[in-house]
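Report on the following structure.
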Amino acid sequence: MPSTSNDPSRRQFIKGAGLVSAATALTACSSIAKPAASGSIVSAKKAKNMIFLIVDGMCLGTLALAHHWNLRHHKAPLNWMQLYGREGVTRAMQDTASASSPVTDSAAAASAWGGGERVNNGSINFSVEGNPLTPLFSYAKAAGKATGLVTTCTVTHATPAGFSANVKARGREKEIAQQYLQREIDVILGGGSKHFNYEAFKLDNVTQLAANLIPDFEAKGYQVVRDRQSLAAAKEQSKLLGLFSPGHIPFAIDRKNDPALKQVPSLPDMFSTALSSLSGAKDGFVLQVEGGRVDHAGHANDPATILHEQLEFDNCIPIALEFIEKHPDTLLIVTTDHGTGGCQLNGKGSAYVESGPALDAINDFKQSFEWLQERFKKSGRFSAKAFKQATGIEPHPEQADVIQKAIDEEVKYLSSTMTAIVQDDLFAKTAVGWTSNNHTSECVELFAFGPGSAEVPAFSENYKLNRVMRSALGLA
């Protein structure tokens, strides 16, 4: 998430009748980091390919919420849970701290994996001393491997950029887009078209000219796709740029229930196409796949939305396992970078017997609070009817007044403002509680399967995984 996610104004509090208010081409890095000429890593068994599945911002409580919901409604454990009993899987736990804080952001976490060092929050593959680090994808490219990024966020967001880019500030997403072009990331699928075709803007008090990078990608042989149908038809393309939203991909719950979003592909859709596109690479590939919006739902404290995002990511696991059955020379890593929000399903009712029915009540939600946010901001008016249709909650007149005040004041994070205003109603309905709107310091789970997976330590700092991956792939 953007660094503003830790701004205390994200969460609004009611005080009497008031509400606290929330306060052109870029030049890419002149010296793109190159793989070192020496210091090769020795491994007895190499992986030709690697699939790195990352669910951004998953607390263990989020995993448990989705697991219990799935058991109740589909009579089966999550695919994630089934990994625990799979033969040959290495299970590990990671310390996720960054160089600047015990609580990491996504940029520092992805850079730890991608660059092999702990960096300060907010930076992508720049050391604490200010030196560019060589991203994992640069090593892969030097070895002749294809590379791919798939995400439900903007494709230039912190987590995908951590494997492939160098910027001192994660918000420089237009610069990241240019680096993707220069470094020829083979498959790029997600949101963020606004960072590839943009008007002139100011950066560091310098006017950056307008640019449209799409023709430049096409000139390098990329097929550009914009919707689910064209994505499905592009499975055989070795170079593919898919941009399906100006910003982040809409939430899964919204894509499910809003007909206007039916042509936006899901994460499993994008993952499947990426595998088809990359699998023909003669020397193999490295693919990162991010379920990025679990994090965003956690920042908003939105219980139904985080559930649907987690479930969608979980559906990527069997896709990866099916690919590995046919391509056993593939290393699979499944993990998260940090927790967000402190999500937990809590005990409800006498002897907690109402916690199960609370899982059923989550099904009443039809849209995310972000979906409501966009509609209320566009109209300028709060609608109690729309709110109830989306959440199943009838807002009190006092709550409606405070939300309207937030709309009038153009509060930036209206979605988390609304969940804060109705937090008691949300908890009573779903039994889902939160510790904050921010990231957490919890250690996180990791699974590894395939060549090199046995080298993953049972407990480790996150940056040490970089060397394990390079060793498994035979990258110098």
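Suppose all protein chains stay in the model; what accessible area per residue would a 1.4 Å probe give for the chain, in Å²? Intermediate values should be presented prior to the final figure.
Working: 18420 Å² over 476 residues.
Per-residue accessible area for the chain comes out at 39 Å².
What ranking do 155-164, 48-57, 360-369 get when scored by the average of other Cβ atoms within 10 Å per residue, highest first?
Listed from highest to lowest mean packing, they are 155-164, 48-57, 360-369.
Per 5 Å bin from zero, what fraction in whole % of the C-alpha pairs of region 328-377 is there, up to the bin with the longest pair?
Going from the shortest bin to the longest, the percentages are 5, 12, 11, 13, 15, 16, 11, 8, 6, 2, 0.
Treat region 213-278 as a sphere of radius equal to its Kirkwood radius over Cα pairs and apply Stokes-Einstein at 10 °C in a medium of 1.306 mPa s; give the translational diffusion coefficient in µm²/s, rounded to a whole number.
It comes out at roughly 128 µm²/s.
How many percent of Cα pairs in region 210-369 exceed 27 Å?
The calculated P(r) of region 210-369 puts 37 percent of pairs beyond 27 Å.
Amide H neighbours of residue 291 under 5 Å, at least 5 residues apart or on other chains, H built in the peptide plane: list them.
54, 55, 56
Find the centroid of the Cα atoms in region 461-476 and in region 258-282, then give the distance between the two in whole Å.
Measuring centre to centre over Cα atoms gives 27 Å.
Tell me, what ³J(HN,Hα) does each residue in region 460-476 have, in order and in whole Hz, if you take phi through Karplus 6.51 cos²θ - 1.76 cosθ + 1.60 with θ = phi - 60° and put x for Gly and Pro?
Computed from phi, the couplings for region 460-476 are 7, 6, 4, 5, 6, 5, 4, 5, 5, 5, 5, 5, 4, 8, x, 9, 7 Hz.
If you bin the C-alpha pair distances of region 65-122 every 10 Å from 0, what whole percents do you get?
22, 26, 28, 22, 2
Starting at the first residue of region 270-276, write each ³J(HN,Hα) from the Karplus equation 6.51 cos²θ - 1.76 cosθ + 1.60 with θ = phi - 60°, in whole Hz, x for Gly and Pro.
5, 4, 4, 5, 4, 4, 4
Which of the residue pairs 174/464; 405/429; 141/220 have a Cα-Cα distance greater than 22 Å in the structure shown?
174/464; 405/429
Please report the equivalent ellipsoid semi-axes of region 366-442, computed as sqrt(5 x eigenvalue) of the Cα gyration tensor, largest first, in whole Å.
Square roots of five times the eigenvalues give 20, 15, 11 Å.
At 1.567 mPa s and 4 °C, plugging the Kirkwood radius over alpha-carbon pairs of region 84-233 into Stokes-Einstein gives what diffusion coefficient in µm²/s?
Numbers: Rh = 16.6 Å.
For the chosen part, D equals 78 µm²/s.
Return the long-range amide H neighbours of residue 439 (sequence gap of 5 or more, or a different chain), with a cut-off of under 5 Å between placed amide H atoms.
Distant-sequence amide H within range of residue 439: 341.
Quote the relative contact order of region 179-242 in percent (integer), defining contacts as alpha-carbon pairs under 8 Å separated by 6+ residues.
Values: 67 pairs, mean separation 22.7, N = 64.
Normalised by residue count, the contact order of region 179-242 is 35 percent.
For region 76-207, give the share of DSSP beta bridges that are antiparallel, in percent and rounded to the nearest 5; count only bridges with both residues there.
50
Considering amide H positions built from the backbone, and no H for Pro or chain starts, which residues 5 or more places from residue 239, or on another chain, come under 5 Å of its amide H?
Hits under the 5 Å cutoff: 223.
How would you rank 407-419, 254-266, 304-316, 128-140, highest first, on the average number of other Cβ atoms within 10 Å across their residues? All intermediate terms of the calculation are to be shown ahead of the outcome.
Working: 407-419: 21.5, 254-266: 16.0, 304-316: 26.2, 128-140: 19.8.
Highest-to-lowest ranking by the protection proxy: 304-316, 407-419, 128-140, 254-266.
Extending each Cα 7 Å along its Cβ direction at residue 216 and residue 84, get the distance between those two points in nm, one decimal.
That separation, rounded to one decimal, is 4.8 nm.
At 222 nm, what helix-only mean residue ellipticity would the chain give, in deg cm²/dmol to the nearest 500, using -39500 (n - 2.57) for each DSSP H run of four or more?
Helix contribution divided over all residues of the chain: -10000 deg cm²/dmol.
Quick one: what are the phi-derived ³J(HN,Hα) couplings along region 402-408, Karplus 6.51/-1.76/1.60 with θ = phi - 60°, whole Hz, x for glycine and proline?
Going residue by residue, I get 5, 5, 4, 5, 5, 4, 4 Hz, with x marking Gly and Pro.
Given N residues in region 320-476, what is its alpha carbon radius of gyration divided by 2.2 N^0.38 Å? Provide the component values of the computation, followed by the final result.
Numbers: Rg = 21.9 Å, N = 157, 2.2 N^0.38 = 15.0 Å.
For region 320-476, the normalised Cα radius of gyration comes out at 1.46.
Considering only DSSP beta bridges with both partners in the chain, what is the antiparallel share in %, to the nearest 5?
40
How large, in percent, is the carbon and sulfur part of the accessible surface of the chain at a probe radius of 1.4 Å? Walk me through the numbers before you get to the answer.
Working: 9420 of 18420 Å².
After summing per-atom areas, the C and S share lands at 51 percent.
Which of (1) 35, 26, 21; (2) 52, 28, 21; (3) 34, 33, 19 is the computed semi-axes √(5λ) of the Cα gyration tensor in Å for the structure on display?
It is the one labelled (1).
With a Förster radius of 35 Å, plug the Cβ-Cβ distance of residue 127 and residue 200 into 1/(1 + (r/R0)^6) and report the FRET value to the nearest 0.05.
Here the calculated transfer efficiency is 0.65.
The values are calculated or read from the model by the stated rules, or taken from the named source; none is laboratory data. Computed from a prediction, not measured in an experiment: that's the story for all the values here. Counting neighbours? That spans all protein chains shown, and the Cβs are built from the backbone with ideal geometry, glycine included. These accessible areas exclude ligands, DNA and RNA; they are computed on the full protein's heavy atoms, side chains included. Shrake-Rupley method; radii C 1.70, N 1.55, O 1.52, S 1.80 Å.
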